[in-house]
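Here's the structure we're looking at; comments come further down.
The values are calculated or read from the model by the stated rules, or taken from the named source; none is laboratory data. Remember, predicted model here, so these are calculated numbers, not experimental data. Cβ coordinates were reconstructed from backbone atoms using ideal geometry, including for glycine residues, and neighbour counts include every protein chain displayed. In case anyone asks, the SASA skips ligands and DNA or RNA and just uses the protein heavy atoms, side chains included. Shrake-Rupley method; radii C 1.70, N 1.55, O 1.52, S 1.80 Å.
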Amino acid sequence: ISSGETYLWDRTTGTVDTLVAPAGTTWPFPQAINEDGTVIAGFVNANLEIRAAVWDATGTATLIDPVAGGTMSQAFGVSPNGEWVVGTRSGGRRAFRWSQTTGVQALPTIGAPMGMVYHSGLFVSNDGNTVVGDRSDTRPFFMESTAIIAIQGAATVRFREFLLARGG
């Protein structure tokens with residue numbers, strides 16, 4: 001095992017495979033794996049910029065283009081069926097979801113009166129319609145982190161508000 005390599009161990013077969021970075025990139029960094037272990041999401045170093053990446057069952061990596069207006073991205077979650085990947089772009093200011101079919105899509109945000117707001121997608125449903133993530137509001141001497149939920153066709157809301165609206 002050498003520095004800068006990432007490994008995937010299959011407990012059924014006992015085999016260890018190297019997770020290979022796409023051409024022109026280095027340092028594959030996995031962050032999530034789907035339910036049956038066939039899809040991995042994370043990021044790589046692409047010319048000193050962090051880029052979200054997803055690896056399929058064959059080990060082939062696909063770079064996920066940053067959401068419009070962004071240069072860097074990270075993938076933090078993958079749906080149980082492996083169809084959807086979620087994460088953040090440009091230092092965490094905008095959450096995204098991605099699939100082979102749709103490509104990258106920016107998710108709605110929740111604004112803030114002051115400070116810098118970061119949104120990250122962390123978990124995604126099998127159909128890609130529900131994303132749970134985090135919203136962090138940073139101000140001088142203050143930081144607030146809140147769970148959020150984005151549902152297709154609805155506004156992104158704080159998870160607490162979502163639960164209270166449903167009697168939770």
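Side notes on the structure shown:
- Rounded, prolate or oblate (a/c below 1.5 giving rounded, otherwise prolate when a/b exceeds b/c) for the chain by Cα gyration tensor: prolate
- Remark: spin-label model distance Thr13-Glu144 equals 5.0 nm, labels positioned 7 Å along the Cα→Cβ axis.
- Cut-off 17 Å, label 7 Å out along Cα→Cβ of Ser136, residues of segment 58-81 by amide N: 72-77
- Along principal axes, Cα extents of segment 1-75, largest first, whole Å: 43, 28, 17
- The chain, accessible surface, carbon-and-sulfur percent (1.4 angstrom probe): 56 percent
- Per-peptide average of other Cβ atoms within 10 Å, ordering 35-46, 8-19, 145-156 highest first: 35-46, 145-156, 8-19
- Each of the peptides 20-26, 71-77 was scored by the mean count of other Cβ atoms within 10 Å over its residues; in descending order, highest first, they stand as 71-77, 20-26.
- Full extension of the chain between Glu49 and Thr62 gives 3.1 nm of extra length, using 0.36 nm per residue less the Cα-Cα distance.
- Accessible area per residue, Å², the chain with all protein chains present, probe 1.4 Å: 56 Å²
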